[in-house]
1. Hey, does the range A:162-175 have a residue that's touching a residue at least 24 places away in the same chain (Cβ under 8 Å), in contact with a Lys or Arg (Cβ under 8 Å, 6 or more places away or on another chain) and not in a helix (DSSP H, G or I)?
2. Go through the range A:24-68 and count every residue that is over 19 Å from B:F61 (Cβ atoms), part of a helix (DSSP H, G or I) and touching a residue at least 24 places away in the same chain (Cβ under 8 Å).
3. Could you check B:S84 against (1) within 13 Å of DNA strand D (Cβ to nearest atom); (2) at pLDDT below 95 and say which number it fails?
4. I'd like the full set of residues that are touching a residue at least 60 places away in the same chain (Cβ under 8 Å) and more than 11 Å from chain A (Cβ to nearest Cβ), limited to the range B:85-113.
5. Inside the range B:131-150, can you point out the residues that are closer than 17 Å to B:A213 by Cα, among the hydrophobic types (A, V, I, L, M, F, W, C) and modelled with pLDDT under 95?
6. Kindly list the number of the only condition in (1) among the aliphatic types (A, V, I, L, M); (2) open to solvent by less than 70 Å² (accessible area, probe 1.4 Å); (3) over 27 Å from A:L69 (Cβ atoms) that fails for A:L176.
There are 2 protein chains.
Amino acid sequence: MATPSASSAIELLRSHSLTTLVRRELERRILVGELAPGDKLNEADLASELKVSRGPVREAFRALDQAGLVRTEKNRGVFVRQVSVEEADEIYEVRAGLDEMIGRLAAERATAEEVGELREMVKRMQQVARGKDVAAYYPLNVRFHDRLADVSGNRTLAATYRRLVNELHLHRRETLARGPDSFPISTREHAAIVEAISRGDAELAGQLLREHAMESRDRLHATIAKKGQVTK
Amino acid sequence: MATPSASSAIELLRSHSLTTLVRRELERRILVGELAPGDKLNEADLASELKVSRGPVREAFRALDQAGLVRTEKNRGVFVRQVSVEEADEIYEVRAGLDEMIGRLAAERATAEEVGELREMVKRMQQVARGKDVAAYYPLNVRFHDRLADVSGNRTLAATYRRLVNELHLHRRETLARGPDSFPISTREHAAIVEAISRGDAELAGQLLREHAMESRDRLHATIAKKGQVTK
DNA sequence: GCCATGCAGATTGTTGACAATCTACAAACG
DNA sequence: CGTTTGTAGATTGTCAACAATCTGCATGGC
C-alpha cells in the first residue's frame, strides 16, 4: 500500500461506469431533496449538465426505476416517484416486519464491537438531540437504523430494508413541502433497543424495533388526520 | 369496445418500449432456465437475435441487475446471477417473515371471491399432485403463493415477496443441474392455509405460512448436508 | 521449459445522429 | 365563442459508429 489514494482512485475507475456515477448522483439528489417528487428528469439537460451523453443517463434511469425512486412513462419521460400516503402506509407495514427481523437477528448475532459502535451512535444522537436540531438528528437516525440492518448479518434483509426506507424518504420529501417536519427524537427507544441487542434478547429487540417502526406509521396516520382537517 | 384485440395491441405498443420487451424476454429465459446461473449475456448476440440494437439491451441489463437477476462486471459483461446456498439461506429467512405478513394480512382482508379462487387453485394442485408430476405442480405452486401475496392487499409486500422468490428460483436453477429435483407436494398445508384465511384467523394463517416457508429453508439445509456427503 | 511482453480479435463503454412521439399554440371551422 | 385541426418545437426511443478495455495466443527472453 505505497499509494493508497492512487490505488483507491484506480479502484474507483475500475468498478464505476458512467451509468453508475449518474445513478448515484441522481439517487443522492432525490434523497437529499434537490429533486422533489413529481419533478421531471430531462435526459438531454442532465446529460449536458453531467457532461455525459444520453446513453448512461438512460441506463441510470432504468436502474432507478427498478429501485423504485423514479417512474417512467413511455414517450413522456421519467419523474421522481411520488409516494402517496396509502403507499407509505403499506411500506411502513412491511418495514415494521423487517425491523422486527432485524432486531431479532441483530440480538442473536451482534458482536461486542458492533454493540459498542451502536452505543456510540446512540450517544452521539443524544448529544445532538439536546440541541433539538432535527436537521442534524435525522441523518444520524437513518444511519443508526442502517447500521442495525447490517448488524443483522443478513445482506438480503439489509438490502430489502434499505430499499423500503428509500421509498419512505421519498414520501417524507413529498410531505415536507406542505409544512414543518415533526420528526420525533426517540433516543430512549434507541438506547433500549441497543441494550436488548447487547443482552442477546432477540424477542425483546425484535418487539422494540417493531414498535419503533409502528410508531412512525401511527405518526403518519395522525398527520393524515390533521392534514385532513386543515387542508380540506 | 368494437375491436378489443386492436385496442389491446395499441395499449401494448403504448406502454412497452423495446427495453421493456427485452427485459421481459430475458427475465423469462432466466426464470425458465433457458439461461442458467453463471451464463454470460452477450450484448451484440442478444441484440441481433432479438432484432434490436444494443441500446435497449443494455438498458434492460441495468433493470435486471437492479432486480437481482443478473450481475454486471464492468468491461467484462453481465452474467446470470448465481445464488449461493448462503445467500439462498438468507433469502429464505426474509421470505419466511414476509410470508407470515402475507398470511396475516390475507386472513384479514381476503374477500369471499378471493378465498374461492384460492380454493380452486388448491383443488387443481391436488389433481396434478396425484400424478406425481413435479414439473406440472411447481408452476401451480408458484402461482398460488403469488396470488396469495396479491390477496394480502399490500402491493409493496407483494412486490418485495416476488423479488425474493425470483432470486430463489435462481438458486433452484443452479442446484437443479446437480441432480433431480425433490420438490415437496404439500397440498395439505396449502388447504390448511386457505382455510385459516377463510376463517379470518390471521394468527394461524401467518403461522402456517411462516412454517411453510421455513420447511423450504430446512429442506435447503438438508440438501446441503446430503450434497456435502456426496460431493466432497 | 517457463514466464513476461506484446499484438489481434472480440466485447463492452460511450457518443452523436436519426426517427417517432408528444406538447403547446395558433388558425380554421362550425 | 368554443372546438377541432394542423403545424413547429421539444423530447424521448432507437440505432450505428467510434473508443476503450479485455482475452487469448504467440513470440521472445531467461
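1. No, because not a single residue in the range A:162-175 is touching a residue at least 24 places away in the same chain (Cβ under 8 Å), in contact with a Lys or Arg (Cβ under 8 Å, 6 or more places away or on another chain) and not in a helix (DSSP H, G or I).
2. Of the residues in the range A:24-68, 5 are over 19 Å from B:F61 (Cβ atoms), part of a helix (DSSP H, G or I) and touching a residue at least 24 places away in the same chain (Cβ under 8 Å).
3. (1)
4. First, pick out the residues of the range B:85-113 that are touching a residue at least 60 places away in the same chain (Cβ under 8 Å): B:85, B:87-89, B:91-108, B:110.
Across the range B:85-113, the qualifying residues are B:V85, B:G103, B:A106, B:A107, B:E108, B:A110.
5. Scanning the range B:131-150 gives B:L140, B:V142.
6. (3)
Yes/no per residue for (1) within 16 Å of DNA strand C (Cβ to nearest atom); (2) over 23 Å from A:A96 (Cα atoms); (3) more than 20 Å from the chain's Cα centre (by Cα); (4) not assigned by TED's automatic domain parsing to the domain that holds B:G33:
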{"site": "B:V94", "(1), (2), (3), (4)": "no, no, no, yes"}
{"site": "B:R109", "(1), (2), (3), (4)": "no, no, yes, yes"}
{"site": "B:K123", "(1), (2), (3), (4)": "no, yes, yes, yes"}
{"site": "B:Q127", "(1), (2), (3), (4)": "no, yes, yes, yes"}
{"site": "B:A136", "(1), (2), (3), (4)": "no, yes, no, yes"}
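For (1) at pLDDT below 90; (2) under 17 Å from the mean Cα position of the chain (by Cα); (3) not hydroxyl-bearing (S, T, Y), each residue gets a yes or a no:
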{"site": "A:N154", "(1), (2), (3)": "no, no, yes"}
{"site": "A:A158", "(1), (2), (3)": "no, yes, yes"}
{"site": "A:F183", "(1), (2), (3)": "yes, yes, yes"}
{"site": "A:T223", "(1), (2), (3)": "yes, no, no"}
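The values are calculated or read from the model by the stated rules, or taken from the named source; none is laboratory data. The structure displayed is predicted, hence computed values, not measured ones. We place every Cβ from the backbone using ideal geometry, glycine too, and count neighbours over all the protein chains shown. Accessible surface is based on the protein model in full, side chains and every heavy atom, while ligands, DNA and RNA are left aside. Shrake-Rupley method; radii C 1.70, N 1.55, O 1.52, S 1.80 Å.
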